[in-house]
Amino acid sequence: MDHRIYNVAIIGYGGMGSYHVKLMESEPQVAVIGVYDIVEYRMDLAEASGHKTYPSLEAVLADESVDVVLIATPNDVHKEIAIKALQAGKHVICEKPVTITSSDFMDIVEVAKQENRLFSVHQNRRWDDDFRIAKEIIDKKTLGELFHLESRVQGANGIPGDWRQLKAYGGGMLLDWGVHLLDQLLLITDSQIESVAATLSYILGTEVDDGFTSYITFKDGLTALIEVGTTNYVKLPRWYIKGTEGTAVIRDWDLSGEIITRNPDVAHVEPKPIQAGQGLTKTMAPPSEESTLTLPIEKPAPAAQSFYANYISAIEGTSEPVVKNEEVHRVLVLIETIFEAAATKSVIHRSI
Ligand code: NAD
(Lines give C-alpha, C1' and ligand atoms only; values in the text may rest on other atoms or scores of the structure.)
Protein backbone atom coordinates (compact mmCIF):
# COMPACT_ATOMS: atom_id res chain seq x y z
CA MET A 1 0.00 0.00 0.00
CA ASP A 2 1.28 3.48 -0.88
CA HIS A 3 1.62 5.82 2.05
CA ARG A 4 1.52 9.55 1.85
CA ILE A 5 4.73 11.25 3.02
CA TYR A 6 4.39 14.11 5.52
CA ASN A 7 6.85 16.99 5.28
CA VAL A 8 8.31 18.04 8.62
CA ALA A 9 9.98 21.41 9.29
CA ILE A 10 12.28 21.48 12.31
CA ILE A 11 12.29 24.62 14.46
CA GLY A 12 15.45 24.70 16.59
CA TYR A 13 18.35 22.75 15.09
CA GLY A 14 20.35 22.07 18.25
CA GLY A 15 21.10 18.76 19.95
CA MET A 16 17.56 17.41 19.78
CA GLY A 17 16.49 19.06 16.51
CA SER A 18 19.39 17.39 14.70
CA TYR A 19 18.69 14.10 16.48
CA HIS A 20 15.15 14.16 15.08
CA VAL A 21 16.69 14.14 11.60
CA LYS A 22 18.31 10.80 12.49
CA LEU A 23 15.08 9.48 14.01
CA MET A 24 13.14 10.34 10.87
CA GLU A 25 15.61 8.56 8.56
CA SER A 26 14.05 5.20 9.38
CA GLU A 27 10.46 6.47 9.17
CA PRO A 28 8.87 5.87 5.77
CA GLN A 29 6.05 8.39 6.16
CA VAL A 30 7.99 11.47 7.26
CA ALA A 31 10.62 13.59 5.53
CA VAL A 32 12.53 16.64 6.74
CA ILE A 33 11.64 19.48 4.39
CA GLY A 34 13.69 22.20 6.07
CA VAL A 35 15.01 23.83 9.19
CA TYR A 36 14.75 27.15 10.99
CA ASP A 37 16.93 28.26 13.90
CA ILE A 38 17.48 31.76 15.31
CA VAL A 39 21.24 31.21 15.42
CA GLU A 40 23.02 31.57 12.08
CA TYR A 41 25.70 29.04 12.93
CA ARG A 42 23.05 26.38 13.52
CA MET A 43 21.51 27.24 10.12
CA ASP A 44 24.98 26.87 8.53
CA LEU A 45 25.28 23.43 10.11
CA ALA A 46 21.84 22.47 8.79
CA GLU A 47 22.80 23.61 5.29
CA ALA A 48 26.10 21.74 5.50
CA SER A 49 24.04 18.61 6.24
CA GLY A 50 22.00 19.23 3.10
CA HIS A 51 18.88 20.78 4.61
CA LYS A 52 16.94 23.69 3.16
CA THR A 53 16.82 26.56 5.67
CA TYR A 54 14.08 29.12 6.09
CA PRO A 55 14.83 32.79 6.84
CA SER A 56 12.14 33.04 9.55
CA LEU A 57 9.46 31.10 11.42
CA GLU A 58 6.88 33.00 9.33
CA ALA A 59 8.52 31.65 6.15
CA VAL A 60 8.16 28.10 7.49
CA LEU A 61 4.52 28.67 8.35
CA ALA A 62 3.79 30.27 4.95
CA ASP A 63 5.19 27.22 3.11
CA GLU A 64 2.15 25.17 2.09
CA SER A 65 4.25 22.06 1.58
CA VAL A 66 5.04 21.92 5.33
CA ASP A 67 2.61 19.46 6.95
CA VAL A 68 4.14 19.14 10.41
CA VAL A 69 6.13 21.59 12.53
CA LEU A 70 8.51 19.97 14.97
CA ILE A 71 9.52 22.22 17.88
CA ALA A 72 12.95 21.50 19.40
CA THR A 73 13.80 24.90 20.87
CA PRO A 74 14.40 25.69 24.56
CA ASN A 75 11.25 25.22 26.62
CA ASP A 76 10.20 28.87 27.11
CA VAL A 77 9.26 29.41 23.44
CA HIS A 78 7.43 26.12 22.79
CA LYS A 79 4.03 27.66 23.48
CA GLU A 80 4.37 30.68 21.22
CA ILE A 81 5.72 28.64 18.29
CA ALA A 82 3.14 25.87 18.78
CA ILE A 83 0.19 28.29 18.71
CA LYS A 84 1.47 30.12 15.64
CA ALA A 85 2.07 26.84 13.81
CA LEU A 86 -1.37 25.44 14.67
CA GLN A 87 -3.02 28.70 13.58
CA ALA A 88 -1.14 28.43 10.28
CA GLY A 89 -2.83 25.04 9.78
CA LYS A 90 0.16 22.83 10.64
CA HIS A 91 0.16 19.69 12.73
CA VAL A 92 2.68 20.06 15.56
CA ILE A 93 5.07 17.81 17.44
CA CYS A 94 6.65 19.50 20.44
CA GLU A 95 9.62 18.47 22.52
CA LYS A 96 9.25 17.89 26.23
CA PRO A 97 8.64 19.55 28.63
CA VAL A 98 5.89 20.86 26.39
CA THR A 99 5.42 24.03 28.49
CA ILE A 100 6.53 25.34 31.84
CA THR A 101 3.01 25.45 33.30
CA SER A 102 -0.06 23.26 32.89
CA SER A 103 -2.23 26.26 31.98
CA ASP A 104 0.09 27.21 29.10
CA PHE A 105 -0.30 23.67 27.84
CA MET A 106 -4.10 23.88 27.96
CA ASP A 107 -3.92 27.08 25.88
CA ILE A 108 -2.13 25.13 23.15
CA VAL A 109 -4.59 22.22 23.37
CA GLU A 110 -7.48 24.69 22.98
CA VAL A 111 -5.97 26.14 19.78
CA ALA A 112 -5.27 22.65 18.42
CA LYS A 113 -8.97 21.81 18.95
CA GLN A 114 -10.13 25.02 17.27
CA GLU A 115 -7.83 24.44 14.29
CA ASN A 116 -8.52 20.70 14.15
CA ARG A 117 -4.78 19.90 13.99
CA LEU A 118 -2.89 17.18 15.84
CA PHE A 119 -0.68 18.43 18.65
CA SER A 120 1.48 15.85 20.38
CA VAL A 121 4.46 15.83 22.71
CA HIS A 122 7.61 13.80 22.07
CA GLN A 123 7.60 11.77 25.30
CA ASN A 124 10.07 9.41 23.66
CA ARG A 125 11.12 7.66 26.86
CA ARG A 126 7.86 5.74 26.79
CA TRP A 127 9.69 3.65 24.17
CA ASP A 128 12.80 3.00 26.32
CA ASP A 129 13.46 -0.71 26.90
CA ASP A 130 14.15 -0.26 30.64
CA PHE A 131 10.74 1.38 31.16
CA ARG A 132 8.91 -1.08 28.91
CA ILE A 133 10.38 -4.10 30.71
CA ALA A 134 9.71 -2.56 34.14
CA LYS A 135 6.08 -2.04 33.12
CA GLU A 136 5.85 -5.57 31.72
CA ILE A 137 7.22 -7.08 34.98
CA ILE A 138 4.60 -5.08 36.90
CA ASP A 139 1.70 -5.77 34.50
CA LYS A 140 2.39 -9.53 34.41
CA LYS A 141 2.53 -9.56 38.22
CA THR A 142 5.89 -11.33 38.14
CA LEU A 143 6.50 -9.77 41.56
CA GLY A 144 2.94 -10.32 42.84
CA GLU A 145 1.13 -7.11 43.82
CA LEU A 146 3.27 -4.00 43.27
CA PHE A 147 3.56 -1.89 46.43
CA HIS A 148 6.68 0.27 45.97
CA LEU A 149 8.92 1.43 43.17
CA GLU A 150 11.95 3.63 42.80
CA SER A 151 12.91 5.20 39.48
CA ARG A 152 15.97 7.36 39.21
CA VAL A 153 18.54 8.76 36.82
CA GLN A 154 21.81 10.05 38.18
CA GLY A 155 24.91 11.58 36.63
CA ALA A 156 27.99 13.40 37.87
CA ASN A 157 28.27 16.06 35.17
CA GLY A 158 26.07 18.86 36.47
CA ILE A 159 23.46 20.57 34.31
CA PRO A 160 24.60 20.54 30.68
CA GLY A 161 24.56 23.47 28.25
CA ASP A 162 23.48 27.04 28.83
CA TRP A 163 19.72 27.59 28.89
CA ARG A 164 19.08 24.48 31.05
CA GLN A 165 20.70 26.41 33.95
CA LEU A 166 18.34 29.36 33.60
CA LYS A 167 14.84 29.67 35.04
CA ALA A 168 13.49 31.92 32.30
CA TYR A 169 14.13 29.22 29.69
CA GLY A 170 12.40 26.51 31.73
CA GLY A 171 15.68 25.04 32.91
CA GLY A 172 16.30 22.68 35.81
CA MET A 173 16.21 18.95 36.17
CA LEU A 174 12.62 18.53 37.33
CA LEU A 175 11.41 19.92 34.00
CA ASP A 176 14.19 18.27 32.01
CA TRP A 177 14.47 14.64 33.21
CA GLY A 178 11.68 14.75 35.79
CA VAL A 179 9.09 15.07 33.04
CA HIS A 180 10.21 11.71 31.56
CA LEU A 181 10.34 9.79 34.84
CA LEU A 182 6.99 11.15 36.05
CA ASP A 183 5.38 10.45 32.67
CA GLN A 184 6.57 6.84 32.94
CA LEU A 185 5.36 6.57 36.54
CA LEU A 186 1.83 7.65 35.69
CA LEU A 187 1.61 4.96 33.01
CA ILE A 188 2.47 2.24 35.52
CA THR A 189 -0.64 2.51 37.65
CA ASP A 190 -4.28 3.43 37.04
CA SER A 191 -4.54 4.76 40.58
CA GLN A 192 -4.84 8.47 41.38
CA ILE A 193 -2.13 10.26 43.32
CA GLU A 194 -2.99 10.95 46.96
CA SER A 195 0.01 12.92 48.22
CA VAL A 196 3.35 14.38 47.14
CA ALA A 197 6.46 15.28 49.16
CA ALA A 198 9.65 16.57 47.54
CA THR A 199 12.97 18.31 47.88
CA LEU A 200 14.86 20.06 45.09
CA SER A 201 18.66 20.25 45.20
CA TYR A 202 20.80 23.30 44.43
CA ILE A 203 24.25 21.80 45.07
CA LEU A 204 25.75 23.45 41.99
CA GLY A 205 24.49 26.88 42.99
CA THR A 206 22.61 27.59 39.80
CA GLU A 207 19.23 29.34 39.82
CA VAL A 208 17.42 26.12 38.90
CA ASP A 209 17.27 22.71 40.56
CA ASP A 210 20.14 20.38 39.68
CA GLY A 211 18.09 17.42 40.88
CA PHE A 212 15.15 16.44 43.02
CA THR A 213 13.74 13.66 45.17
CA SER A 214 10.00 13.14 45.28
CA TYR A 215 7.93 10.70 47.29
CA ILE A 216 4.53 10.07 45.79
CA THR A 217 1.73 8.00 47.29
CA PHE A 218 -1.21 6.64 45.32
CA LYS A 219 -4.76 5.93 46.51
CA ASP A 220 -4.28 2.18 46.00
CA GLY A 221 -1.36 2.18 48.47
CA LEU A 222 1.50 2.22 45.93
CA THR A 223 4.43 4.41 46.95
CA ALA A 224 7.02 5.76 44.50
CA LEU A 225 10.36 7.44 44.96
CA ILE A 226 11.37 9.41 41.88
CA GLU A 227 14.80 10.96 41.83
CA VAL A 228 17.06 12.87 39.44
CA GLY A 229 20.62 13.84 40.31
CA THR A 230 23.48 15.48 38.48
CA THR A 231 26.01 15.35 41.35
CA ASN A 232 26.19 11.56 41.82
CA TYR A 233 29.67 10.13 41.33
CA VAL A 234 28.24 6.70 42.16
CA LYS A 235 24.76 6.06 40.91
CA LEU A 236 21.93 3.95 42.30
CA PRO A 237 19.97 1.52 40.10
CA ARG A 238 17.68 2.94 37.41
CA TRP A 239 14.71 0.90 38.76
CA TYR A 240 14.03 -0.86 42.07
CA ILE A 241 10.62 -2.52 42.16
CA LYS A 242 8.97 -4.33 45.06
CA GLY A 243 5.95 -6.63 44.95
CA THR A 244 4.41 -8.97 47.49
CA GLU A 245 6.17 -11.97 45.87
CA GLY A 246 9.53 -10.55 44.83
CA THR A 247 11.86 -7.70 43.98
CA ALA A 248 13.35 -6.54 40.66
CA VAL A 249 16.34 -4.35 40.06
CA ILE A 250 17.18 -2.87 36.66
CA ARG A 251 20.55 -1.27 37.11
CA ASP A 252 20.94 0.65 33.90
CA TRP A 253 19.74 1.33 30.36
CA ASP A 254 21.68 -1.78 29.30
CA LEU A 255 19.07 -3.81 31.24
CA SER A 256 21.62 -5.30 33.64
CA GLY A 257 19.85 -6.49 36.77
CA GLU A 258 17.72 -9.35 38.03
CA ILE A 259 14.38 -10.40 39.40
CA ILE A 260 14.19 -12.48 42.58
CA THR A 261 10.85 -14.00 43.52
CA ARG A 262 9.54 -16.48 46.02
CA ASN A 263 9.63 -20.02 44.61
CA PRO A 264 6.00 -21.17 44.74
CA ASP A 265 7.08 -24.84 44.65
CA VAL A 266 9.15 -24.71 47.82
CA ALA A 267 7.86 -24.23 51.35
CA HIS A 268 9.39 -21.33 53.25
CA VAL A 269 12.93 -22.10 54.40
CA GLU A 270 14.02 -20.42 57.65
CA PRO A 271 17.00 -18.14 56.93
CA LYS A 272 20.26 -18.89 58.72
CA PRO A 273 21.68 -16.10 60.87
CA ILE A 274 24.51 -14.16 59.23
CA GLN A 275 27.28 -12.14 60.79
CA ALA A 276 26.43 -8.47 60.34
CA GLY A 277 29.02 -6.07 61.71
CA GLN A 278 29.37 -6.83 65.40
CA GLY A 279 26.18 -8.87 65.60
CA LEU A 280 24.19 -11.73 64.13
CA THR A 281 20.96 -11.28 62.18
CA LYS A 282 18.34 -13.53 60.65
CA THR A 283 16.11 -10.58 59.75
CA MET A 284 18.62 -9.12 57.29
CA ALA A 285 19.92 -12.46 55.97
CA PRO A 286 19.38 -12.99 52.20
CA PRO A 287 16.55 -15.33 51.24
CA SER A 288 17.62 -18.96 50.93
CA GLU A 289 18.49 -20.03 47.39
CA GLU A 290 16.10 -23.02 47.53
CA SER A 291 13.10 -20.88 48.35
CA THR A 292 13.64 -18.24 45.64
CA LEU A 293 13.87 -18.02 41.85
CA THR A 294 16.31 -15.70 40.09
CA LEU A 295 15.18 -14.51 36.67
CA PRO A 296 17.03 -12.36 34.13
CA ILE A 297 15.83 -8.96 32.90
CA GLU A 298 14.88 -9.70 29.31
CA LYS A 299 14.70 -7.26 26.44
CA PRO A 300 11.05 -6.45 25.68
CA ALA A 301 9.45 -7.24 22.31
CA PRO A 302 9.68 -4.33 19.85
CA ALA A 303 6.98 -1.67 20.30
CA ALA A 304 4.00 -1.97 17.96
CA GLN A 305 4.57 1.51 16.51
CA SER A 306 7.33 4.10 16.76
CA PHE A 307 6.50 7.62 17.98
CA TYR A 308 6.43 8.93 14.40
CA ALA A 309 4.47 6.02 12.93
CA ASN A 310 1.88 6.50 15.67
CA TYR A 311 1.76 10.27 15.15
CA ILE A 312 1.09 9.89 11.43
CA SER A 313 -1.55 7.20 11.90
CA ALA A 314 -3.18 9.45 14.51
CA ILE A 315 -3.31 12.28 11.93
CA GLU A 316 -4.87 9.84 9.48
CA GLY A 317 -7.35 8.68 12.13
CA THR A 318 -6.25 5.04 12.12
CA SER A 319 -4.71 5.02 15.65
CA GLU A 320 -5.16 6.89 18.90
CA PRO A 321 -2.09 9.00 19.77
CA VAL A 322 0.10 7.02 22.17
CA VAL A 323 1.01 10.25 23.97
CA LYS A 324 -2.35 11.67 24.98
CA ASN A 325 -2.70 15.33 25.86
CA GLU A 326 -4.61 14.51 29.07
CA GLU A 327 -1.61 12.43 30.20
CA VAL A 328 0.81 15.26 29.41
CA HIS A 329 -1.39 17.68 31.37
CA ARG A 330 -1.48 15.35 34.40
CA VAL A 331 2.33 15.15 34.45
CA LEU A 332 2.59 18.96 34.36
CA VAL A 333 0.15 19.23 37.30
CA LEU A 334 2.31 16.71 39.17
CA ILE A 335 5.45 18.75 38.40
CA GLU A 336 3.74 21.90 39.71
CA THR A 337 2.80 19.97 42.86
CA ILE A 338 6.40 18.80 43.34
CA PHE A 339 7.62 22.42 43.06
CA GLU A 340 4.96 23.43 45.60
CA ALA A 341 5.80 20.61 48.03
CA ALA A 342 9.49 21.50 47.87
CA ALA A 343 8.89 25.26 48.28
CA THR A 344 6.54 24.82 51.23
CA LYS A 345 8.47 21.91 52.78
CA SER A 346 5.17 20.12 53.23
CA VAL A 347 3.33 17.06 52.08
CA ILE A 348 0.70 18.13 49.57
CA HIS A 349 -2.48 16.06 49.78
CA ARG A 350 -4.03 16.36 46.33
CA SER A 351 -5.90 14.05 44.05
CA ILE A 352 -4.02 14.05 40.72
P1 NAD B 1 19.87 23.04 22.24
O2 NAD B 1 20.26 24.27 22.98
O3 NAD B 1 20.92 22.07 21.83
O4 NAD B 1 19.09 23.45 20.90
C5 NAD B 1 18.07 24.41 20.88
C6 NAD B 1 18.14 25.12 19.54
O7 NAD B 1 16.99 25.97 19.44
C8 NAD B 1 19.39 26.00 19.40
O9 NAD B 1 20.05 25.72 18.18
C10 NAD B 1 18.82 27.43 19.42
O11 NAD B 1 19.56 28.34 18.65
C12 NAD B 1 17.42 27.21 18.85
N13 NAD B 1 16.44 28.23 19.20
C14 NAD B 1 16.30 28.91 20.38
N15 NAD B 1 15.22 29.72 20.32
C16 NAD B 1 14.69 29.57 19.08
C17 NAD B 1 13.58 30.13 18.42
N18 NAD B 1 12.79 31.04 19.02
N19 NAD B 1 13.33 29.75 17.16
C20 NAD B 1 14.11 28.85 16.53
N21 NAD B 1 15.19 28.27 17.10
C22 NAD B 1 15.47 28.62 18.37
O23 NAD B 1 18.76 22.33 23.12
P24 NAD B 1 18.29 20.82 22.99
O25 NAD B 1 19.03 19.99 23.96
O26 NAD B 1 18.26 20.41 21.58
O27 NAD B 1 16.80 20.95 23.55
C28 NAD B 1 15.76 21.44 22.73
C29 NAD B 1 14.43 20.88 23.23
O30 NAD B 1 14.47 19.46 23.12
C31 NAD B 1 14.13 21.18 24.69
O32 NAD B 1 12.76 21.37 24.86
C33 NAD B 1 14.59 19.92 25.41
O34 NAD B 1 13.94 19.71 26.64
C35 NAD B 1 14.22 18.86 24.40
N36 NAD B 1 15.01 17.64 24.49
C37 NAD B 1 14.35 16.45 24.48
C38 NAD B 1 15.04 15.27 24.59
C39 NAD B 1 14.28 13.98 24.56
O40 NAD B 1 14.87 12.94 24.80
N41 NAD B 1 12.99 14.01 24.26
C42 NAD B 1 16.44 15.28 24.68
C43 NAD B 1 17.10 16.51 24.66
C44 NAD B 1 16.36 17.68 24.55
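Here's the yes/no breakdown for (1) open to solvent by less than 50 Å² (accessible area, probe 1.4 Å); (2) within 16 Å of residue 90 (Cα to Cα); (3) within 14 Å of the ligand (Cβ to nearest atom):
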position: 30; (1), (2), (3): yes, yes, no
position: 34; (1), (2), (3): yes, yes, yes
position: 55; (1), (2), (3): no, no, yes
position: 60; (1), (2), (3): yes, yes, yes
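Of the listed requirements (1) under 16 Å from residue 136 (Cα atoms); (2) out of contact with any helix residue (DSSP H, G or I) (no Cβ under 9 Å at 6 or more places or on another chain); (3) surrounded by 15 or more Cβ atoms within 10 Å (Cβ to Cβ), residue 248 misses just one: (2). A count restricted to segment 108-150 and to residues that are within 16 Å of the ligand (Cβ to nearest atom) and either among the small types (Gly, Ala, Ser) or within 16 Å of residue 253 (Cβ to Cβ) (or both) stands at 10.
Condition check ((1) among the aromatic types (Phe, Trp, Tyr); (2) within 28 Å of residue 297 (Cβ to Cβ); (3) in a helix (DSSP H, G or I)) across all residues:
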| site | (1), (2), (3) |
| --- | --- |
| 109 | no, no, yes |
| 153 | no, yes, no |
| 164 | no, no, yes |
| 168 | no, no, yes |
| 179 | no, yes, yes |
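Number of residues in segment 273-330 that are farther than 30 Å from residue 94 by Cα and open to solvent by 40 Å² or more (accessible area, probe 1.4 Å): the value is 19.
When the criteria are applied in full, residue 77 fails the requirement of being closer than 25 Å to residue 177 by Cα, in contact with a Lys or Arg (Cβ under 8 Å, 6 or more places away or on another chain) and among the β-branched types (Val, Ile, Thr). Within segment 8-28, the residues that satisfy the criterion of being open to solvent by 40 Å² or more (accessible area, probe 1.4 Å) and more than 9 Å from the ligand (Cβ to nearest atom) are 22, 23, 25, 26, 28. Among the residues here, residue 65 does not qualify as farther than 24 Å from residue 317 by Cα, open to solvent by 30 Å² or more (accessible area, probe 1.4 Å), more than 15 Å from the ligand (Cβ to nearest atom) and of a type outside the set (A, V, I, L, M, F, W, C).
Screening segment 36-53 for residues that are within 8 Å of the ligand (Cβ to nearest atom) and of a type in the set (D, E, K, R) and picking the one that is farthest from residue 121 (Cα to Cα) gives 42. Annotation note: Cβ proximity below 6 Å between a residue of segment 10-22 that is modelled with pLDDT of 95 or more and a residue that is aliphatic (A, V, I, L, M) and near the ligand (Cβ under 6 Å from one of its atoms) (sequence gap 6+ or interchain) occurs for 12/72; 16/72; 17/72.
Residue-by-condition table, conditions (1) in the same structural domain as residue 20 (by TED's automatic domain parsing); (2) outside any loop (DSSP other than H, G, I, E, B); (3) closer than 17 Å to residue 123 by Cα:
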residue: 240; (1), (2), (3): no, yes, no
residue: 249; (1), (2), (3): no, yes, no
residue: 265; (1), (2), (3): no, no, no
residue: 270; (1), (2), (3): no, no, no
residue: 285; (1), (2), (3): no, no, no
residue: 288; (1), (2), (3): no, no, no
residue: 320; (1), (2), (3): no, no, yes
residue: 337; (1), (2), (3): no, yes, no
residue: 340; (1), (2), (3): no, yes, no
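Open to solvent by 40 Å² or more (accessible area, probe 1.4 Å), more than 12 Å from the ligand (Cβ to nearest atom) and aliphatic (A, V, I, L, M) - does that describe any residue in segment 79-96? Yes, segment 79-96 has at least one match. Screening segment 221-237 for residues that are part of a loop (DSSP other than H, G, I, E, B) and touching a Leu at 6+ places or on another chain (Cβ under 9 Å) and picking the one that is most open to solvent (accessible area, probe 1.4 Å) gives 231.
The values are calculated or read from the model by the stated rules, or taken from the named source; none is laboratory data. Everything quoted here is computed from the prediction, not taken from an experiment. No Cβ is skipped: glycine too gets one built from the backbone with ideal geometry, and neighbour counts run over all protein chains shown. We work out accessible area using only protein heavy atoms, side chains counted, and drop any ligands, DNA or RNA first. Shrake-Rupley method; radii C 1.70, N 1.55, O 1.52, S 1.80 Å.
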